[in-house]
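Values in this text are rule-based calculations from the coordinates and carry no lab data. Bear in mind the structure is a predicted one, so any value in this text is a computation, not a measurement. As a convention, Cβ positions derive from the backbone with ideal geometry for all residues, glycine included, and neighbour counts pool all protein chains shown.
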Amino acid sequence: MRFERLSVTLCVLLLAIPAWGKQASQSAATFQPASDPQAVAVVQAAITALGGATAISQAQSWTFEAQMQGPHANGNVDYVISTDTDTEKIMRPDGSMKPARPIHSHFVPALVGAILLRESQDPEFITQYVGASTVDSKPVTVVALTIGRSGFPAQIWAFDGGNLPVQIDFRLPAEIGARQSVYGLVSVSDYQTVSGVLYPYRIVSFLKGKAPENITLQSVNASTAAPVNEYNGVAGDLR
């Protein structure tokens with residue numbers, strides 16, 4: 001299957017996202033940007049389509065069985081993501097310990113509902129409406145989640161006519177517990193329902209300078225337990 005990048009229209013529209021954080025004078029308070037109500041409505045419609053906030057928020061960990069093909073992992077894998085935020089510890093040169101970096105995971109985009117719900121409730125993110133575009137020659141609605149006074153587009157989401165995410169550009173990663181998404185463009189499709197929540201069973205990460213990493217989920221199980229996230233190199237985890 002061929003996944004097209006967002007059309008040139010999107011690129012032009014993104015340039016129209018204003019730069020915030022202006023100061024009228026040295027004594028004036030810094031202007032605080034606000035989310036666009038139209039964009040907020042799009043995100044809320046997506047959360048509802050994916051199962052609703054109540055159902056999405058119940059799960060604290062997810063177990064996947066999947067088949068992977070790409071430069072980072074190949075073959076059948078078992079994988080677990082948890083909301084536990086412990087990244088483990090590593091030793092500094094002086095012998096002291098510090099938290100390890102979060103694990104970059106190809107499986108984080110499978111949790112599009114949890115990502116959208118968390119980021120919609122996070123005041124760090126400002127939601128901006130970008131406009132209409134196309135993905136794989138199909139119409140989509142595009143929303144940017146921006147951060148900072150400059151309005152940097154941390155993530156750019158494309159939603160289909162059924163309000164489901166079909167493509168995300170992770171310019172900054174999404175976080176679930178101690179795991180982060182990989183950087184770059186990710187396509188999600190083939191949604192299936194598990195415990196009242198929709199999950200994309202087809203995930204394609206378009207890696208810069210490399211062939212795409214393809215994930216086909218075979219099963220998803222959600223749990224209210226939150227075990228520690230463990231590094232899984234067989235499934236393509238990166239630090």
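Hey, can you tell me all the residues within the range 221-234 that are out of contact with any Asp or Glu (no Cβ under 8 Å at 6 or more places or on another chain) and in contact (Cβ under 8 Å) with a residue 24 or more places away in the chain?
Within the range 221-234, the first condition is being out of contact with any Asp or Glu (no Cβ under 8 Å at 6 or more places or on another chain), and the residues that meet it are 221-225, 230, 232-234.
Passing the criteria: Asn221, Ala222, Ser223, Thr224, Ala225, Glu230, Asn232, Val234.
I need the full set of residues from the range 60-109 which are among the aliphatic types (A, V, I, L, M) and under 17 Å from the mean Cα position of the chain (by Cα), in order please. Talk me through it step by step, then tell me what you get.
Start the filter on the range 60-109 by keeping residues that are among the aliphatic types (A, V, I, L, M), which leaves 66, 68, 73, 77, 80-81, 90-91, 97, 100, 103, 108.
Result: Val80, Ile81, Ile103, Val108.
All but one of (1) surrounded by fewer than 22 Cβ atoms within 10 Å (Cβ to Cβ); (2) under 15 Å from Gly113 (Cα atoms); (3) of a type in the set (Gly, Ala, Ser); (4) touching a Ser or Thr at 6+ places or on another chain (Cβ under 8 Å) hold for Gly184; which doesn't?
Of the numbered conditions (1) surrounded by fewer than 22 Cβ atoms within 10 Å (Cβ to Cβ); (2) under 15 Å from Gly113 (Cα atoms); (3) of a type in the set (Gly, Ala, Ser); (4) touching a Ser or Thr at 6+ places or on another chain (Cβ under 8 Å), the odd one out for Gly184 is (2).
So, in the range 36-73, of the ones that are among the hydroxyl-bearing types (Ser, Thr, Tyr) and part of a strand (DSSP E or B), which residue ends up nearest to Glu175 (Cα to Cα)? Break it down stepwise before answering.
From the range 36-73, those among the hydroxyl-bearing types (Ser, Thr, Tyr) are 48, 54, 57, 61, 63; that's our starting set.
Subsequent filtering for residues that are part of a strand (DSSP E or B) retains 61, 63.
Values: Ser61: 13, Thr63: 17 Å.
Ranking the candidates gives Ser61 first.
Filter the range 74-113 for residues that are among the small types (Gly, Ala, Ser) and part of a loop (DSSP other than H, G, I, E, B); which is surrounded by the fewest Cβ atoms within 10 Å (Cβ to Cβ)? Steps first, please.
Filtering the range 74-113 down to residues among the small types (Gly, Ala, Ser) leaves 75, 82, 95-96, 100, 105, 110, 113.
Narrowing further to those that are part of a loop (DSSP other than H, G, I, E, B): 95-96, 100.
Details: Gly95: 6, Ser96: 8, Ala100: 14.
The selected residue is Gly95.
Can you name the condition, by its number, that Gly209 falls short on among (1) touching a residue at least 12 places away in the same chain (Cβ under 8 Å); (2) of a type outside the set (S, T, N, Q); (3) in a loop (DSSP other than H, G, I, E, B)?
Condition not satisfied by Gly209: (1).
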